[in-house]
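Here's the structure we're looking at; comments come further down.
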Amino acid sequence: MNAIDELARFRDSVPVRVTPRAEQLFRGGLRELGPAVLRPRARLTLVPLPWRLAIAVGAAAALTAGIVVAVLPSRPVVLTARLLADRASAAALAQPAVSPGQWVYRVVEGNGPSGTGKTFTQAGWETADGGVSYPDNFAGLIAPGDYIPSYSDLGSLPASPAALDAYLVRLVYPDSNPAPDIKSLAAFSVIADMLTNYVLPPGLQAEVYQALAAIPGIQVDSHVTAIDGQAGVAFVLPATPQSEKAEIVLSASSYSFLATASWGSDSSMSETVVVRTVIVGAPGSTQPSLTPPTAAELLAEQADRAVTFTSSVPPVIEPGTWVLRKLATSSGEQTIWATADDSEQASYVNGKLQICSRSAACAGSTQWLMPAGPSYALVNPPVANGQGLPQWLPQLLALLNSYPTGCADVAGDCNAVNAMVNMTSGYLNSHGTDGLWFLMLAGIPGVTVQQVTDLTGQADIAFSFPFADGITEILLNASTHELAGYVRNGVETVITAELTVAGPGSSRPVTVLPTYAPLPRR
């Protein structure tokens with residue numbers, strides 16, 4: 001038996017758990033050493049056989065453990081874009097898949113251009129698809145560009161890295177063929193947006209990292225320190241005559257997405273870092289949870305999104321602006337005029353238009369659209385102070401429950417549900433219904449979701465509450481998820497029209513010019 005066979009036999013007898021890669025290195029090491037190298041030196045012939053066996057077994061165990069550097073020349077590992085992509089892809093594939101509506105808690109730190117000395121830290125919640133945030137002033141990393149693929153389209157993206165890059169370039173330049181460095185910048189920028197906007201499905205995130213490595217000109221920086229002190233490694237798009245330097249930074253330990261950085265023409269640097277990311281079960285929680293959203297939570301998110309992503313900036317509504325509402329009820333259709341703050345109401349009674357104010361004697365016999373709830377000034381605070389309803393859901397729920405709306409089921413949050421409906425159907429809100437109101441509904445004990453057809457024949461989705469009286473259903477349009485109506489004390493009401501008019505009795509819509517230009521919510 002030659003020395004190689006003997007050493008191999010000893011190696012096979014060592015009870016060491018090894019990986020296939022270690023096995024491969026061991027066998028390769030034996031082949032490269034050869035009989036001449038393994039032949040014992042003359043002085044070893046004096047060692048008794050048991051000690052020779054021990055030495056051989058020890059050498060085999062060392063090789064088995066992967067310590068081949070003792071006999072093979074060592075080379076430093078060069079972190080290439082392809083190797084970084086492979087490591088990041090493997091880390092992505094090890095992550096759990098989450099639904100688009102899953103909530104994610106993030107702590108984000110960022111800075112402006114270098115030299116400003118300004119940094120910011122934000123903490124809040126977003127859904128995995130980037131569609132809803134809580135509180136609604138939490139921007140997090142959400143900064144959707146014009147060219148980012150929609151979350152619903154992610155499943156149809158090309159799987160090939162080069163094809164994915166080409167697809168993303170076409171999103172930015174659908175009708176032109178830009179220079180190669182501009183193509184690289186376009187693909188890099190869209191990938192950065194995808195990583196910052198979404199919690200991507202694991203398989204797609206792995207593909208995205210491969211697509212980064214396939215971008216022409218991409219480089220790697222193996223030693224990056226984020227502004228919060230975390231160690232990172234970065235995909236680097238070098239500066240060109242047409243663009244500045246940009247980075248997508250990954251954690252040096254976990255290879256998870258960490259930050260984006262960009263440099264201005266004056267060499268100033270801006271960076272946004274994800275300090276912490278936790279998959280949670282609901283907005284407001286910071287405890288890790290993979291419990292998927294309930295049907296009520298998903299419907300609340302859709303309603304919030306319908307409110308948040310509006311096509312136009314709503315005008316500023318003055319409290320005295322008259323609003324025409326057409327209502328369909330089980331007892332017939334109604335047309336009611338009311339001021340935006342519901343301080344006055346008007347309707348035709350026996351062919352005569354009757355107007356009543358809250359302070360008039362007729363107020364007691366008028367069925368007000370806003371029977372009880374927060375004041376108009378609280379729902380629509382003046383721009384100067386901006387102090388309105390609480391944004392945090394527990395405080396909002398507690399406040400709305402403090403208004404007596406006639407519910408018998410006080411302990412079951414019935415007053416809060418009634419107050420919310422009073423606000424949405426009784427006031428014309430200058431900034432639209434707040435999406436957080438719907439998120440609050442998802443946490444009402446016993447709430448369920450029902451597919452219904454309302455009395456106008458429209459398909460709706462209903463929040464259904466286990467209350468004995470008051471509001472038992474809130475109806476949302478099944479297609480748009482906008483508020484459609486409600487069921488109060490067994491009577492269904494559907495809002496078929498709502499528009500601003502010149503005054504009571506008028507049906508001609510008027511445009512209310514804004515007194516300032518508010519920024520649209522995301």
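The values are calculated or read from the model by the stated rules, or taken from the named source; none is laboratory data. Note that the coordinates shown come from a computational prediction; the quantities given were computed from them, not determined experimentally. Please note: Cβ atoms are built from the backbone with ideal geometry, for glycine as well, and neighbour counts cover all protein chains shown.
Observations, loosely collected:
- Subset tally (residues that are in contact (Cβ under 8 Å) with a residue 12 or more places away in the chain and part of a loop (DSSP other than H, G, I, E, B)) for the range 330-354: 6
- Qualifying residue in the range 418-425 (condition: over 26 Å from A468 (Cβ atoms) and hydroxyl-bearing (S, T, Y)): no
- Residue in the range 446-458 that is surrounded by fewer than 21 Cβ atoms within 10 Å (Cβ to Cβ), farther than 28 Å from S330 by Cβ and modelled with pLDDT of 90 or more present: no
- Condition check for P100: in contact with a strand residue (DSSP E or B) (Cβ under 7 Å, 6 or more places away or on another chain), at pLDDT 90 or above, in the same structural domain as G264 (by TED's automatic domain parsing) and not in a helix (DSSP H, G or I): yes
- Checking every residue in the range 357-371 against the condition of being among the hydroxyl-bearing types (S, T, Y), without any contact (Cβ under 8 Å) to a residue 24 or more places away in the chain and not in a loop (DSSP other than H, G, I, E, B) gives at least one match.
- Here V307 qualifies as of a type outside the set (S, T, N, Q), surrounded by 15 or more Cβ atoms within 10 Å (Cβ to Cβ), under 42 Å from the mean Cα position of the chain (by Cα) and not in a strand (DSSP E or B).
- Qualifying residue in the range 313-331 (condition: within 30 Å of I191 (Cα to Cα) and aromatic (F, W, Y)): no
- Any hit, the range 381-397, residues being farther than 22 Å from W125 by Cα and modelled with pLDDT of 90 or more: no
- Qualifying residue in the range 253-265 (condition: at pLDDT below 90 and surrounded by fewer than 17 Cβ atoms within 10 Å (Cβ to Cβ)): yes
- Scanning the range 116-150 for residues that are over 19 Å from V275 (Cβ atoms), modelled with pLDDT of 80 or more and touching a strand residue (DSSP E or B) at 6+ places or on another chain (Cβ under 9 Å) yields T127, V132.
- Flag: L212 does not match the condition of being part of a strand (DSSP E or B) and at pLDDT 95 or above.
- Subset tally (residues that are part of a helix (DSSP H, G or I) and either outside the structural domain of A462 (by TED's automatic domain parsing) or over 16 Å from W368 (Cβ atoms) (or both)) for the range 388-419: 16
- Residue within the range 240-259 that is under 26 Å from E126 (Cα atoms), in contact with an Asp or Glu (Cβ under 8 Å, 6 or more places away or on another chain) and in contact (Cβ under 8 Å) with a residue 40 or more places away in the chain present: no
- Residue that is farther than 30 Å from A502 by Cβ, among the hydrophobic types (A, V, I, L, M, F, W, C) and buried (at least 18 other Cβ atoms within 10 Å of the Cβ), where the choices are V417, V421, V379: V417
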